[in-house]
Amino acid sequence: MITNCVILAEPQGTGIAPVALELATLARGISEQVTAVVFDVDAQAAAETLAVYGVTSVVSLGDTSSHLPGVPVADAMREVVDRVGANAVFVAQSYTGRDVLARLSVLLDAPVLTNAVNVREDDGGLVVENLVFGGEKVVSSKITAPIQLIAIRPKSVAAEAAPSATQPSVTEQSVSANSQANRAVIVSSHVEERQGPKLDEAEVVVSGGRGLGNADNYRYIEELANLLHGATGASRAIVDAGWVPYAYQVGQTGKTVKPNLYLAVGISGATQHMVGMKGAKNIIAINKDKDAPILQIADLGVVGDAQKLLPRLIEAIRQKTGA
Amino acid sequence: MKVAVCVKQISDPSEAQTIDPTSMCLNRGAKAILDDSDAYGVEIALRLAEVAGGAEVVLISMAPNQEVQGVRTGLAMGATSAVVVSDPQLAGADALTTAKVLASVVKRIDADLVIAATESTDGYTGTVPAQVAALLGWPALTFAKQIELRGSTLSIQRQTEDGYDVVEADLPGVVSVTAGVVEPRYPSFKGIMSAKSKPVEQLSLGDLGLSVAIDEKVLAVNDAEARTAGQIVEDDGSAEAEIMNYLAQIKVL
Ligand SMILES: Cc1cc2nc3c(=O)[nH]c(=O)nc-3n(C[C@H](O)[C@H](O)[C@H](O)COP(=O)(O)OP(=O)(O)OC[C@H]3O[C@@H](n4cnc5c(N)ncnc54)[C@H](O)[C@@H]3O)c2cc1C
Ligand SMILES: Nc1ncnc2c1ncn2[C@@H]1O[C@H](COP(=O)(O)O)[C@@H](O)[C@H]1O
């Protein structure tokens, strides 16, 4: 039986990341007590949000922003786990989530399961589901250790408000920053500015891949996204090639998106790409090769040359919308 | 300086992937190849070694059946030597177990810097590098898209959700690199020939004084809800009309 679940509500911008609410939703479904650990945010504001999702207590670690979160946050979470007697910990499959979970796993000498898309109760324990082969198969696994350390992919479960809001207690806990390993200092931060809606929140995502031919042709993707009020995305191939920044990447190592429309242009549909966009409501794919895997999952697949088709499509949308 | 590069040897991902119904593990093909993700790590290590003026680059790998083919590729690229740990008990090893084995090899060879990839192609747990660091009590500079060594200070550009951070730490440390950081070199003919005689040490768990218990179990592998192909049209010069129709249907336009 899971009685106490600790979740990591990592920061994003000035608040907590939306995935924290997904973790809270999942956690309260299997555990009576849900403790959220927050850092680098206004703890009271975070607690108010988390209360809506059924979190029963909040522990704030204050400001850790000068160091990479892995060491200090894992150290503090270990104390929280001990204090509340947690038997499950959920983090997001994010940069921060993975670093913290890895450290915590060593501190507690307990294994981890990552890339989870669902966690359910079964026979008093937890069954963790993850997708393999680009989402073709679901693997169900179980941790047989006393504590379950799990990283959950963002956008796997919908965040839902609890039937009634809680009134979580908020406690402060200081982090001990003097551990031997806590030497990774953040010297400076750089934000790559982008226009339009956020990739993982947009209703329409237009993504380009190597089939665009060259970096310059990515402007078609930007133009389309702009006309459809969507966000721009990319396959890893063109991120690696330096055509667009990492923040554009959709897929296993990039963002998971679940828009109303995903328009994939010149993307083959490698398993690692599909796992990040298969949840889209509607998929349109444009690809020169009729055997490209992406066409197997597209609601509308167009076999053709993107470089010829995109200018015509852009023109047609312009005419219709008068843009 | 001694650089250890974690290299995973995997079944060729371009071949059909299947799951063994009894062990519920991925079936391993006949050939083990160097995981593409780790080719980047090898390349980075070789470049850092060149800059540092001749450091040793040791490949470390845990493989179920003493596989060395993948490791040979890394040696052919220019690594100095390799250590491969194999043991029947390691079949289906989880990330923490893998990290314990790798960390123990790092101690044994007394490396100052460990390089790994962000995630492997077949397992993609994505936690092994930070677990290795934690076991060693070292910092983990994760998700590096660029790495530099100034004296004994590591400086990386760490990918973030919306850009990157510059992160620094003094050696010893672990760095995990993302793909695309550098272009891995192709082994030259000379490299391939010399790789054949480079030292590859084969160890068992006993040699490392380790015993493992695997606390994870796969219960079932099922088909996921399938998404099927819809309508497919050829662009005869007017496919934009089909797309416009579809956009109207789903009320995007
Ligand atoms: C551990 C790991 C993690 C990964 N994570 C990710 C990830 O998060 N996201 C991701 O995307 N990938 C990821 N990958 C990489 C993935 O395996 C693929 O290599 C990548 O997605 C391919 O990108 P692509 O489709 O743009 O390029 P390609 O596979 O080269 O496909 C290009 C496509 O364009 C088509 N084309 C060519 N010319 C035209 C034209 N004129 N008009 C129309 N179509 C054309 C071709 O038919 C082809 O289908 C990962 C790989 C590994 C090993
Ligand atoms: N069996 C292994 N042998 C050597 N290195 C490994 C092994 N497993 C994982 N690694 C390293 O850890 C990285 C992350 O692996 P994973 O946690 O499986 O995604 C890999 O890219 C490798 O660099």
### Query
Is the stretch A:152-174 home to any residue that is at the interface with chain B (Cβ under 9 Å from one of its Cβ atoms) and either away from ligand 1 (no atom under 16 Å from the Cβ) or on the phi > 0 side of the Ramachandran plot (or both)?
no
### Message
Considering only residues that are within 21 Å of B:S11 (Cβ to Cβ) and either at the interface with chain A (Cβ under 8 Å from one of its Cβ atoms) or open to solvent by less than 30 Å² (accessible area, probe 1.4 Å) (or both), which ones fall in the stretch B:108-126?
### Response
B:A116, B:A117, B:T118, B:E119, B:S120, B:Y124, B:T125, B:G126
### Elements of type strands (runs of 3 or more DSSP E) in the stretch A:175-257, at least 2 residues being within 16 Å of ligand 2 (Cβ to nearest atom), within 11 Å of chain B (Cβ to nearest Cβ) and in contact with a helix residue (DSSP H, G or I) (Cβ under 9 Å, 6 or more places away or on another chain)
none
### Query
Any residue at all in the stretch A:178-186 that is within 26 Å of A:A231 (Cβ to Cβ) and open to solvent by 50 Å² or more (accessible area, probe 1.4 Å)?
no
### Sole residue being assigned to a helix (DSSP H, G or I), near ligand 2 (Cβ under 10 Å from one of its atoms) and of a type in the set (A, V, I, L, M), chosen from B:V71, B:V84
B:V71
### Query
If the Cβ limit is 6 Å and pairs must be 6+ apart or interchain, which residue in the stretch B:188-203 that is open to solvent by less than 50 Å² (accessible area, probe 1.4 Å) pairs with which residue that is modelled with pLDDT of 95 or more and in a strand (DSSP E or B)?
B:K198/B:S81; B:V200/B:A82; B:L203/B:V85
## Note on the structure
Residue hits (the stretch A:74-99; more than 29 Å from B:A117 (Cα to Cα), part of a helix (DSSP H, G or I) and of a type outside the set (A, V, I, L, M, F, W, C)) are A:E79, A:D82, A:R83
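Condition check ((1) facing chain A (nearest Cβ under 8 Å); (2) in contact with a His (Cβ under 6 Å, 6 or more places away or on another chain); (3) open to solvent by 10 Å² or more (accessible area, probe 1.4 Å); (4) at pLDDT 95 or above) across all residues:
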residue: B:L141; (1), (2), (3), (4): yes, no, no, yes
residue: B:K145; (1), (2), (3), (4): yes, no, yes, no
residue: B:G151; (1), (2), (3), (4): no, no, yes, no
residue: B:L154; (1), (2), (3), (4): no, no, no, yes
residue: B:D162; (1), (2), (3), (4): yes, no, yes, no
residue: B:V166; (1), (2), (3), (4): yes, no, yes, yes
residue: B:D170; (1), (2), (3), (4): yes, no, yes, yes
residue: B:G173; (1), (2), (3), (4): yes, no, no, yes
### Query
Only one of (1) open to solvent by 20 Å² or more (accessible area, probe 1.4 Å); (2) under 17 Å from the mean Cα position of the chain (by Cα) is not met by B:E43, so which one is it?
(1)
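The values are calculated or read from the model by the stated rules, or taken from the named source; none is laboratory data. Computed from a prediction, not measured in an experiment: that's the story for all the values here. Using ideal geometry, Cβ is built from the backbone for each residue, glycine included, and neighbour counts are taken over all protein chains shown. Just the protein is used for accessible areas: all its heavy atoms, side chains included, with ligands, DNA and RNA removed. Shrake-Rupley method; radii C 1.70, N 1.55, O 1.52, S 1.80 Å.
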